[in-house]
Amino acid sequence: MGENVNSLKLRIFTLAASLVKETDITDFSSGFYNEYSWNLKNDTEENVANGIYLVSVIADTPDGKIVKN
């Protein structure tokens, strides 16, 4: 995503496009490999069902927002 990322937001969806988890990533190094571990809980801290989930990463950069799905 480049070296000038100001903030990151991660959104996790079911295959039916229901939002399961949304979180701001505050501990990252712009321009380097970063990792996020999801605790498999939704926004209300309930365990999610087994299955496949979709991830969207929103990076706020000086040039505007970049979305990677």
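The values are calculated or read from the model by the stated rules, or taken from the named source; none is laboratory data. On a predicted model such as this, the values are computed, not experimentally measured, just so you know. Every residue, glycine among them, receives a Cβ derived from its backbone with ideal geometry; neighbour counts consider all protein chains shown. Accessible surface is based on the protein model in full, side chains and every heavy atom, while ligands, DNA and RNA are left aside. Shrake-Rupley method; radii C 1.70, N 1.55, O 1.52, S 1.80 Å.
Just the residues that are within 18 Å of Asn4 (Cβ to Cβ), in a strand (DSSP E or B) and open to solvent by less than 100 Å² (accessible area, probe 1.4 Å), please, taken from the range 16-69. Correct list: Asp24, Ile25, Val57, Ile58, Ala59, Asp60, Thr61, Gly64, Ile66, Val67.
Residues are listed down the side, and each one gets a yes or a no for (1) of a type in the set (Lys, Arg); (2) at pLDDT below 80:
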residue: Asn6; (1), (2): no, no
residue: Arg11; (1), (2): yes, no
residue: Leu15; (1), (2): no, no
residue: Lys21; (1), (2): yes, no
residue: Phe28; (1), (2): no, yes
residue: Ser37; (1), (2): no, no
residue: Leu40; (1), (2): no, no
residue: Val48; (1), (2): no, no
residue: Gly51; (1), (2): no, no
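Look at the range 47-58: where a residue is without any contact (Cβ under 8 Å) to a residue 12 or more places away in the chain and a partner is not in a strand (DSSP E or B), sitting 6+ places away or on another chain with Cβ atoms under 8 Å, you get Asn47/Leu40. Test Ile66 against the criterion of being at pLDDT 95 or above and among the β-branched types (Val, Ile, Thr), and give yes or no. No: the conditions fail for Ile66.
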